[in-house]
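Novice: Have a look at this one.
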Amino acid sequence: MRLPALAIAAGLGLASLHAAAQQAPVVTEAPLRAHLSFLADDLFEGRGTGQRGGDLAVRYLETQAAVIGLKPLAGGGYRMPVKIEGTRLLDKSFVRFDAGGKSVTPKNGSEIVFGTASGKSAVTIDAPLVFVGYGAIAPEEKWDDYKGIDMKGKVLVMMVNDPQPTAAEPNRFAGKAYTYYGRWLYKYEEAVRQGAAGVLLIHTTPSASYPWSVPANGFSHERFHLAVAGNPVEGWLQEDTARALFAAAGFDLDTLRAQAETREFRPVDLKTRVHAEVHSAIRRIEQFNVAGIVPGSDAKLKDQAVVYSAHWDHLGMDEGVRRDDRSDHIWNGAIDNASGAAALLAMAAEAVKHPAKRTQVFLWPAAEEQGLLGSAAYVQNPAWPLALTTADLNLDSMNFVGATRDIGVAGAERSSLYEAAGEVARKMGLKLAPAIPDLSGAYFRADHFNFAKAGVPAFNVGSAVFSGDGHFEFVKDPAKSAARLVAFKQDYHQVSDEYHADWDLSGMVQQAQFTLNLGYAVGNAPAMQRWKDGDAFGKVKR
């Protein structure tokens, strides 16, 4: 094809995006606000995984899906089961290290946190401790911290984050930005693949991007995972604890860290034995994703689909709290993520009136707050074949401050969704918000990421709150609005994330409208969306 012909074809493609954006139905504020205020109400008790409030949220969503007119799934309903195990550590558990003739038992909570993902109520370990650097195997970076050494039956200790950029390689592992290899979840997953008996991550606030209180709080409550075999022991070591442990074994932590910054690094046997008894209360529960369908209008393209997703769960309510004394014990999760769940309901109500050429799937995953479990279960058993899914557009923690002149599309640049988003934004009189380095791994912390891992182009759409830095251009009172956005950091994952009737939801409606317009653009486009050449997730098999 000659260049003029290519230009004409490209122009036709852009024209189709223009038309698609114009055809999208209009999202209105009234139903969005009504759903938001109701889902965030104390009545739903924080929509906790394995709690009564979560069951109420599922019942509400499936009822609304039916009222709206979404088509049920193949089995005739809107629920998709998610098998989950809940694990709560019992007080008699301990981890002890024997190093250099010394026996060290770190204090659980302040020096170490640990648990099991094995599904077993009692786990006993007597194993060697091995330092494996960053614990990463990244072929595209020519990086392998394991070097083919057998790790079966060993306890692995490793750093979080990625190998850092150097003067010679300023862009290795995305430079200063986080990659998936830096996430705690990847490191736990890799330890399972290696057949390890356990894995401990060395915590520092800069490398983890959050303080010790985050893992400490997480491990002090019931932890959830999909009902599949995980690590017998997994947890975190406080940095000073790790430093003292390494020293007792005759090693310097900083020296080994420096060695781990090179490709030549090889695992180091720390000449230390790990003795652990992990006793847990295990319960197996069934949660539900909720999904409904708007069938496509085109005879051929209706076999393909675009997915919109927003998790329904939050952190629930403290156990044992009297129902007449609940006000400070409910994590309502108004912004995170009653906002996204409500927006999807408002969007679906309009979408059923004007089907796109491709099928549209509206998905409310469960247990996002427990490690993206609902979306992980979905990609294992999807309502629509992943090979025929053109994109997932996710909504999480939406803009409650006010309308903006731009829209956030962080992560869209990985695929053709970026160009589609640019066209939709232009048609709406918006511009794309400037890209900022992903220093906290935000791309890997919401439900769209499980779609990306499975090979489906995906990103979290327009989340001003997720960025948390107030860099968006607000239409009204820019400085004051930006400050309100930044201030939400104090409410994030706190009981204070509650609905307020005086919120200006124009920005939330704008964000929902942009997402729906983008869904129609890719839902009506001639071809499915594609990853950019060289992107790591473009190689994932569907």
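Novice: Could you list Asp396, Asp144 so that the one with the fewest beta carbons within 10 Å of its beta carbon is first and the one with the most is last?
Specialist: Asp144, Asp396
Novice: Placing unit charges on C-beta atoms (Lys and Arg positive, Asp and Glu negative, everything else neutral), compute the dipole magnitude of the chain about its Cα centre in debye, rounded to 20.
Specialist: Charge dipole of the chain: 1400 debye, to the nearest 20.
Novice: While we're looking at this one, here's another question. What order do you get for 472-482, 507-517 when each peptide is scored by the mean count of other beta carbon atoms within 10 Å, highest first?
Specialist: So the peptides 472-482, 507-517, ranked by packing, come out 507-517, 472-482.
Novice: Give, rounded to the nearest 20 debye, the magnitude of the charge dipole that segment 36-160 has about its Cα centre when Lys and Arg contribute +1 at Cβ and Asp and Glu contribute -1 at Cβ.
Specialist: 320 debye
Novice: Can you order the peptides 78-89, 224-235 by their average number of other Cβ atoms within 10 Å per residue, highest first?
Specialist: Per-residue mean Cβ counts within 10 Å order the peptides as 224-235, 78-89.
Novice: Next question. Can you tell me the relative contact order of the chain? Whole percent, Cα pairs under 8 Å, sequence separation 6 or more.
Specialist: 22 percent.
Novice: Out of segment 354-435, which trypsin sites (Lys or Arg not before Pro) are coil in DSSP terms and have no more than 15 other C-beta atoms within 10 Å?
Specialist: Counting only loop positions with at most 15 other Cβ atoms within 10 Å, the trypsin sites (Lys or Arg not before Pro) in segment 354-435 are Arg405.
Novice: Separate question: For a test of the definition: using alpha carbon positions, the gyration tensor, and the 1.5 limit on a/c, classify segment 74-151 as rounded, prolate or oblate.
Specialist: Here segment 74-151 falls in the oblate category.
Novice: Along the charge dipole of segment 87-282, which of Phe224, Ala248, Asn161 sits closest to the positive end, that is, farthest toward it, with unit charges on the beta carbon of Lys, Arg, Asp and Glu (+1, +1, -1, -1)?
Specialist: Phe224
Novice: Using a/c under 1.5 as the rounded threshold, could you call segment 399-538 rounded, prolate or oblate? The axes a ≥ b ≥ c are square roots of the C-alpha gyration tensor eigenvalues, and prolate needs a/b larger than b/c, oblate otherwise.
Specialist: It comes out prolate by the Cα gyration axes.
Novice: While we're here: Would you compute, from DSSP H runs of 4+ residues alone, the mean residue ellipticity of the chain at 222 nm, taking -39500 (n - 2.57) per run and dividing by the full residue count, rounded to the nearest 500?
Specialist: -9000 deg cm²/dmol
Novice: Once you order the gyration tensor axes a ≥ b ≥ c over the Cα atoms, which shape class does segment 32-93 get: rounded for a/c under 1.5, otherwise prolate or oblate by comparing a/b with b/c?
Specialist: Verdict is oblate for segment 32-93.
Novice: With point charges of +1 on the Cβ of Lys and Arg and -1 on the Cβ of Asp and Glu, referenced to the Cα centre of the chain, which listed residue (Ser37, Val130, Phe362) lies farthest in the positive direction of the dipole?
Specialist: Going by the charge dipole, the pick is Phe362.
Novice: Taking Cα centroids, how far is segment 47-110 from segment 367-387 in Å?
Specialist: After rounding, the separation between the Cα centres reads 14 Å.
Novice: Sticking with this structure for a sec: Got a sec to turn the phi values of segment 505-516 into Karplus ³J(HN,Hα) couplings, 6.51 cos²θ - 1.76 cosθ + 1.60 with θ = phi - 60°, whole Hz, x for Gly and Pro?
Specialist: Working through the residues one at a time gives 8, 4, x, 5, 5, 4, 5, 5, 5, 4, 5, 5 Hz.
Novice: Sticking with this structure for a sec: Considering the options Phe94, Gly75, Gln64, tell which one lies farthest towards the positive end of the dipole of segment 54-110, charges being +1 on Lys and Arg and -1 on Asp and Glu at the Cβ, about the Cα centre.
Specialist: Sorting the options by dipole projection puts first Phe94.
Novice: Can you give the FRET efficiency for Lys107 and Asp254, using 1/(1 + (r/R0)^6), R0 = 25 Å, r = Cβ-Cβ distance, to the nearest 0.05?
Specialist: That pair, Lys107 with Asp254, gives E of 0.60.
Taken together, the values in this text are just the output of simple stated rules run on the coordinates, not laboratory data. From a predicted model like this one, the values you see are computed outputs, not experimental measurements. Here the Cβ is made from the backbone with ideal geometry for all residues, glycine too, and neighbour counts use every protein chain on show.
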